[in-house]
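Step one of this worksheet: look at the structure below.
The values are calculated or read from the model by the stated rules, or taken from the named source; none is laboratory data. Owing to the predicted nature of the structure, the values given are computational and were not obtained by experimental measurement. FYI the Cβ positions are ideal-geometry reconstructions off the backbone, even for glycines, and counts take in every protein chain you see.
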Amino acid sequence: MFLSNRSINILLIFLLFLYYLFFINKGIVIYDEGYYAHTAERIINGEIPYKDFFIQFTPGYFYILALFYKLFGASILTGRILTVIICLGIGYLTLLIMDRFKSDLKLKILSLLAVASFGFPLINNMSLLAWPSVLLSLLAVLFFIEKKYVFLGIVLSLMLFTKQNLGIYFCKRITGKKPKTFQKKDIRAKDRSLDRQSRKIQLVKELKNREYSDSYFCWKILL
């Protein structure tokens, strides 16, 4: 192959950037775009989260957005440029992770197409805070694969500073401890499954004792 992995990755990300350009200034994002823009603007004006106003997340993303507003002007387009940069970072980290598993070019292209199909053009379908969360999650996976635990710790701290529930979850998963909430959910799901199975067994016994001949009716009850 004439090009190195790094050159191929840069070329693929450039193509992804050209694709994202078609959508950067189209449509209205109904999920939180205005809320995030307003919060960042309040930070620029000197207000402090939790002191002067309330936000339900940790403030990392809002401070980054406020920095972009400070550098390039407060506008919806500036926020979308930041989102495009984050989405390109997601694509590049995906390619780096694929390289760590010695994936060939076809798999890398398919992976990037999957990222592109669920990338920036779909910002109207979910909260904008999802994209920095995905970026940090992939970065944590990459550092975990490479066993760079110091950098992994830094990324986990950034997760906590960006979206608290994501940071707590990854801290628990990487340390091998499942959060108590998930343990309780697993136990409840297991109990429900066992109860369902026992009810089915009991019902089958009752049907056999009553000698029902209508098998269709029996299956309807079981389902």
Handout entry: Output for segment 45-64, where each listed residue is touching a Phe, Trp or Tyr at 6+ places or on another chain (Cβ under 9 Å), over 16 Å from LEU158 (Cα atoms) and not in a strand (DSSP E or B)
Key = GLU47, ILE55
Problem - Qualifying position, being within 19 Å of PHE161 (Cα to Cα) and part of a helix (DSSP H, G or I), among LEU67, LEU77, LEU110 - result: LEU67
Handout entry: The lone exception for GLY60 - which of (1) of a type in the set (Gly, Ala, Ser); (2) touching a residue at least 12 places away in the same chain (Cβ under 8 Å); (3) on the phi > 0 side of the Ramachandran plot it fails
Key = (3)
Handout entry: GLY27, sole failed condition from (1) without any contact (Cβ under 8 Å) to a residue 60 or more places away in the chain; (2) over 14 Å from LEU129 (Cα atoms); (3) not hydrophobic (A, V, I, L, M, F, W, C); (4) not in a helix (DSSP H, G or I)
Key = (1)
Exercise for the section: Starting from segment 131-155, take each residue that is in the same structural domain as GLY60 (by TED's automatic domain parsing) and list its partners that are surrounded by 20 or more Cβ atoms within 10 Å (Cβ to Cβ) and of a type in the set (D, E, K, R), counting only C-beta distances under 7 angstrom and pairs at least six apart or across chains. Expected result: SER133/LYS163
Fill in the blank from the handout: The number of residues in segment 1-57 that are of a type in the set (Phe, Trp, Tyr) and in contact with a Ser or Thr (Cβ under 8 Å, 6 or more places away or on another chain) is 3
Completion exercise
In the set LEU142, LEU135, the lone residue that is of a type outside the set (Asp, Glu) and either buried (at least 20 other Cβ atoms within 10 Å of the Cβ) or closer than 23 Å to ILE28 by Cα (or both) is LEU135
